[in-house]
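**Q** Questions regarding the structure given below will be posed in turn.
The values are calculated or read from the model by the stated rules, or taken from the named source; none is laboratory data. The shown structure was predicted, so the numbers you read here are calculated from the model rather than taken from an experiment. Positions of Cβ are backbone-derived with ideal geometry, glycine not excepted, and every protein chain shown enters the neighbour counts.
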Amino acid sequence: MNALDLLKDDHEKVKSIFQHISSLSQSAERSRRSQFEKLQQELKIHTSIEEQIFYPALETHNETKDIIKESYKEHKQVDSLCQEIARLNPTDNKWIGKIGELQNMVERHVRQEEGELFKRVRQIFDKQVLEDMGRRMEAAKKGEAAKIGKR
C-alpha cells in the first residue's frame, strides 16, 4: 500500500470512531471512554508514523515545508486536547463538546493533508517512492501498535 493510501485509511478509521462516539448516549460512560481510548490510540499511532517517516521526507521540499511545519503544530494541539478530554468524565456535557472540538480539529487537518499536501506529494515523489514509504510506514505502525498495546 502506498503512503498516501495508508494515511487515507487511517483518516477513515478515525472518522468512523468519531461517528461511533457521537452515536452513543450521554449515559454510556464505559462505551464513550472505550471509544475515546481507541480514538486516542489511533491518533497516536497515526501521528507517530507521520512524524517518523512521512513528514521528514517532505520537510526539505519548498513545496511542502510550510504545510509540514503547520502539521506538526496541529499534532501538538490534537495531543493536548486529547489529554484534556481524558481528564473529563464522559457523562459530562463538556466532554462531548470537547470531542466535537477535537473532531473539527482533526477534520481540518485531514482536509489540508488530503487536499493540498497529497497533491504536492504526488508531484514530488513517484509511485515507487510512495510504495516504499508506505511499506516502512506499515512496519512502523505495527511497532507503534505493539508498544501501545503493552502499556
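**Q** Within segment 13-25, can one find any residue that is within 21 Å of Glu131 (Cα to Cα) and either in contact with a Gly (Cβ under 7 Å, 6 or more places away or on another chain) or assigned to a helix (DSSP H, G or I) (or both)?
**A** yes
**Q** For segment 41-62, indicate whether the set of residues that are more than 19 Å from Gly115 (Cβ to Cβ), buried (at least 19 other Cβ atoms within 10 Å of the Cβ) and of a type in the set (D, E, K, R) is non-empty.
**A** Checked segment 41-62: no residue is more than 19 Å from Gly115 (Cβ to Cβ), buried (at least 19 other Cβ atoms within 10 Å of the Cβ) and of a type in the set (D, E, K, R).
**Q** Test each condition in (1) out of contact with any Lys or Arg (no Cβ under 9 Å at 6 or more places or on another chain); (2) β-branched (Val, Ile, Thr); (3) in contact (Cβ under 8 Å) with a residue 24 or more places away in the chain for Thr60 and report the one that comes out false.
**A** Result: Thr60 passes all but (3).
**Q** Take the conditions assigned to a helix (DSSP H, G or I), at pLDDT below 95 and of a type outside the set (Gly, Ala, Ser) and apply them to Lys142. Does it pass?
**A** yes
**Q** Check off (1) in a helix (DSSP H, G or I); (2) touching a residue at least 60 places away in the same chain (Cβ under 8 Å); (3) more than 20 Å from Gly134 (Cα to Cα); (4) hydroxyl-bearing (Ser, Thr, Tyr) for Thr91 and give me the number that stays unchecked.
**A** (1)
**Q** Hey, another quick one. For segment 96-119, which residues satisfy the criterion of being of a type in the set (S, T, N, Q) and touching a residue at least 24 places away in the same chain (Cβ under 8 Å)?
**A** Correct list: Gln103, Gln112.
**Q** Does segment 120-138 hold any residues that are without any contact (Cβ under 8 Å) to a residue 24 or more places away in the chain, loosely packed, with under 13 Cβ neighbours inside 10 Å and within 23 Å of Tyr72 (Cα to Cα), and which are they?
**A** Selection gives nothing.
**Q** Would segment 89-107 turn up any residue that is closer than 24 Å to His61 by Cβ, out of contact with any Gly (no Cβ under 8 Å at 6 or more places or on another chain) and buried (at least 16 other Cβ atoms within 10 Å of the Cβ)? Spell out how you get there, then give the answer.
**A** First pass over segment 89-107, keeping only residues closer than 24 Å to His61 by Cβ: none.
Looking for residues that are closer than 24 Å to His61 by Cβ, out of contact with any Gly (no Cβ under 8 Å at 6 or more places or on another chain) and buried (at least 16 other Cβ atoms within 10 Å of the Cβ), one finds none in segment 89-107, hence no.
**Q** Looking at segment 56-72 only, could you name the residues that are part of a helix (DSSP H, G or I) and over 13 Å from the mean Cα position of the chain (by Cα)?
**A** Passing the criteria: Pro56, Ala57, Leu58, Lys65, Asp66, Ile67, Ile68, Lys69, Glu70.
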